[in-house]
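Undergrad: First the structure, which I've put down as structure tokens, then a few questions once you've had a look.
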Amino acid sequence: NAHPRLAQVMPSLVRHLHDFAREVNLTVDEWTTAIELINECGRMSNDRRNETQLLCDILGLETLVDEITANIVSSASVSGTSTPSAILGPFYRHDAPLLPNGSSIVKDLTPAVPWYDQAVADSAYITGRVLSHNPLFPDMPPTPLRNAIVDVWHTAPNGLYEQQDPSQPDMNLRGRFATDAQGRYAFYALRPVAYPIPDDGPAGKFLALLDRHPHRPGHIHFIVSATGHRTLTTQIFDDRDEYIEKDSVFAVKDDLVVHFEPRERDPQAKWSLNYDFVLEAA
Ligand code: DHB
Ligand code: FE
């Protein structure tokens with residue numbers, strides 16, 4: 001009495017694995033090397049680092065599974081009426097502080113911080129609305145959602161997330177914001193920079209063997225949620241970035257590429273961005 005989903009999935013997995021081994025004439029030595037790579041990923045993984053996920057990501061698997069999942073649960077993301085999803089990645093933390101709209105996720109920014117100048121040059125005010133799209137009424141314009149939660153995180157200008165970098169304060173560049181009655185959110189952050197995925201482990205060594213670069217284009221992660229709606233996990237990508245068309249983990253989608261505008265007369269921000277998220281009623 002096998003588990004029904006396993007009974008469906010396993011014959012196909014085994015068939016494809018066997019076909020793959022036959023197709024490339026996989027030898028015992030090569031198989032052993034692959035086993036060692038996977039073991040090394042497991043040994044390296046802990047709650048701060050998920051090397052096995054990283055290995056999947058450089059093979060495009062997380063992006064593919066994300067796409068398949070979106071196609072199963074949502075017709076609207078396919079038809080372009082709700083905001084497309086993108087992979088979660090390995091650096092999400094659940095308990096980012098809930099902050100008032102208009103506040104900053106940049107903590108303790110003083111001239112003593114090594115990347116102070118770049119943080120000032122890249123300071124950005126990010127605003128937008130969270131909207132609801134109901135797939136039962138596809139022609140209705142999306143409506144604002146109050147009390148939606150916009151959970152955001154990105155790296156410092158040194159390319160490191162707060163938990164990767166002992167020099168950053170806890171929860172730096174992370175925050176959650178609740179939308180107001182008009183569905184609006186607003187916060188200060190930084191324009192994101194390109195950076196390499198962690199390439200000091202087995203996934204990075206493997207990338208180098210494949211002659212591939214480890215860089216991701218600058219991006220900001222979001223999880224946007226609201227009662228009665230499908231939770232959206234996504235990323236936005238800065239269009240200034242040279243890696244936008246060669247993301248090492250294949251997460252970029254056209255609708256997620258954004259353009260920051262120069263911001264005048266705001267001592268707290270040199271740039272602004274307005275971006276609306278459209279959630280699907282469930
Ligand atoms: C990956 C994703 C990220 O967002 C990131 O910052 C680093 C790595 C990944 O998919 O492995
Ligand atoms: Fe990331």
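The values are calculated or read from the model by the stated rules, or taken from the named source; none is laboratory data. These numbers come from a predicted model, not from an experiment. Because the Cβ atoms are built from the backbone with ideal geometry, glycine has one as well, and the counts that use them run over all protein chains shown. What goes into the accessible areas is simple: the full protein's heavy atoms, side chains included, and nothing from ligands, DNA or RNA. Shrake-Rupley method; radii C 1.70, N 1.55, O 1.52, S 1.80 Å.
Undergrad: So for the range 209-280, Kirkwood radius off the Cα pairs, Stokes-Einstein at 20 °C and 1.002 mPa s: how many µm² s⁻¹?
TA: 150 µm²/s
Undergrad: So what J values fall out for the range 13-24 if you push phi through Karplus, 6.51 cos²θ - 1.76 cosθ + 1.60 with θ = phi - 60°, rounded to Hz, Gly and Pro as x?
TA: In residue order, the calculated couplings are 4, 5, 4, 5, 4, 5, 4, 4, 4, 5, 4, 9 Hz.
Undergrad: Moving on to the next point. Please report the carbon-and-sulfur percent of the accessible area for the chain; probe 1.4 Å, protein heavy atoms only, DNA, RNA and ligands left out.
TA: 56 percent
Undergrad: Quick one: Karplus J couplings for the range 106-115, per residue in order, coefficients 6.51, -1.76, 1.60, θ = phi - 60°, nearest Hz, x for Gly and Pro?
TA: Going residue by residue, I get 8, 9, 6, 8, 10, x, 6, 6, x, 9 Hz, with x marking Gly and Pro.
Undergrad: Also, quick follow-up: For the chain, what is the calculated [θ] at 222 nm in deg cm²/dmol (nearest 500), taking -39500 (n - 2.57) for each run of four or more DSSP H residues and dividing by its residue count?
TA: -8500 deg cm²/dmol
Undergrad: Further, regarding this structure: Evaluate the Debye formula for the range 60-212 with equal point scatterers sitting on the alpha carbons, no solvent, and hand back log10 of I(q)/I(0) at q = 0.15, 0.17, 0.21 Å⁻¹, in q order, two decimals.
TA: The computed values of log10 I(q)/I(0) come out as -0.99, -1.15, -1.33.
Undergrad: Binning every alpha carbon pair distance of the range 190-231 at 10 Å from zero, what are the percents per bin?
TA: 24, 31, 25, 17, 4
Undergrad: Relative to the compact-globule scaling 2.2 N^0.38 Å, provide the ratio for the alpha-carbon radius of gyration of the range 103-156.
TA: Cα-based Rg divided by the globular estimate yields 1.75.
Undergrad: Which is the longest part of the chain that has none of the trypsin sites (Lys or Arg not before Pro) sitting in a DSSP loop with at most 11 other Cβ atoms within 10 Å?
TA: Answer - 49-264.
Undergrad: For a quick check of your reading of the filter: which GluC sites (Glu not before Pro) in the range 230-282 sit in a DSSP loop and have no more than 11 other Cβ atoms within 10 Å?
TA: Those satisfying the criteria are GLU242, GLU245, GLU264.
Undergrad: Right, another one. Could you pull the accessible area for ASP199 with a 1.4 Å probe, rounded to 10 Å²?
TA: Around 80 Å² of this residue is reachable by solvent.
Undergrad: Rg(Cα) of the chain divided by 2.2 N^0.38 Å?
TA: For the chain, the normalised Cα radius of gyration comes out at 1.11.
Undergrad: Taking amide H positions as placed in the peptide plane 1.01 Å from N, state which residues far from ASN134 in sequence (5 or more) or on other chains have amide H under 5 Å from it.
TA: Counting only residues 5 or more places away or on other chains, the set is ALA281.
Undergrad: Continuing with the same structure: Cα to Cα, under 28 Å, and not fewer than 8 places away if on the same chain: which lysines meet these conditions relative to LYS253?
TA: The qualifying lysines are LYS205, LYS270.
Undergrad: Right, next: Find the accessible area per residue for the chain; the probe is 1.4 Å, ligands and nucleic acids are left out, and the unit is Å².
TA: Result: 54 Å² per residue.
Undergrad: So, in nm, how far is label ALA282 from label ASP266 when the simple model puts each one 7 Å beyond its Cα toward the Cβ?
TA: In this crude label model, ALA282 to ASP266 measures out at 3.2 nm.
Undergrad: Semi-axes of the equivalent ellipsoid for the range 73-147, please: Cα gyration tensor eigenvalues, times 5, square-rooted, ordered largest first, whole Å.
TA: One finds semi-axes of 35, 15, 13 Å for the range 73-147.
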